[in-house]
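These notes concern the structure reproduced below.
Every number here is computed from the coordinates shown, using simple stated rules; none is lab data. None of these values were measured; they are calculated from a predicted model.
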């Protein structure tokens, strides 16, 4: 007997990010039902799993997990063992690398609903860049956009590196390429550009129409 789709709430600080994630999951309507998209809002109670995209995430994951009524799966770029271990220690039910494809992500959500604790870090099934993020239309990669978001929030290069589990040299490289793409020659110019192009999160909530 077939099982009902996993009811999922998508959460991130940026609505454009969760909308992109919803578009990725839309390819699996028989297995996943996106119940709500939340930016800077608490997820609803009537879901099986909360999928939290880690784009530009600076909030307290411990508090988020503790107050969530459903198990939380983190969707993130960092695959450093320390990043994964920290998230698991804070109580997440799943940790999925953003390099995986939709099939792996959906399978992880289904397994979490069954009560498993899931870690998926294999990127072998990713065939194309999916989703959306601030600055994509201006040529920024998701990683460049994430770093610019943290800069707009006032983080130093060292803080960004620690937050994203990157080397300081990697952060500086991403910053240089991002600045070149947006025409910024200084940090202040980059912040002004970011403020004008949606890099400061705003609260939002979208409840998709019911399938019934």
Problem - Nearest 10 degrees, 0 to 90: helix 187-196 Cα axis against the chain principal axis - result: 40 degrees
Practice task
Give me the compactness ratio for the stretch 136-196, meaning the Cα radius of gyration over 2.2 N^0.38 Å.
Solution key: 0.99
Exercise for the section: Could you state the angle between the C-alpha long axis of helix 168-182 and the longest principal axis of the C-alpha atoms of the chain, as a value from 0 to 90 degrees rounded to the nearest 10? Expected result: 80 degrees
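For the stretch 1-151, what does the convex hull of the Cα positions come to per residue, in cubic angstrom? The partial results should precede the final answer.
Values: hull volume 16.7 nm³, N = 151.
Dividing the Cα hull volume of the stretch 1-151 by its residue count gives 110 Å³.
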Exercise for the section: Please identify, among 167, 186, 123, the residue showing maximal mean-square fluctuation in a Gaussian network model of the chain using a 10 angstrom Cα cutoff. Expected result: 186
Exercise for the section: Round to a whole angstrom and tell me the spacing of the C-alpha centers of the stretch 56-82 and the stretch 1-28. Expected result: 16 Å
Handout entry: Helix 142-152 axis, angle to the chain major axis (alpha carbon atoms, nearest 10°)
Key = 60 degrees
Completion exercise
Candidates 177, 149, 79; GNM for the chain (alpha-carbon contacts under 10 Å) flags as most fluctuating 177
Handout entry: Å³ per residue enclosed by the Cα convex hull of the stretch 78-212
Key = 158 Å³
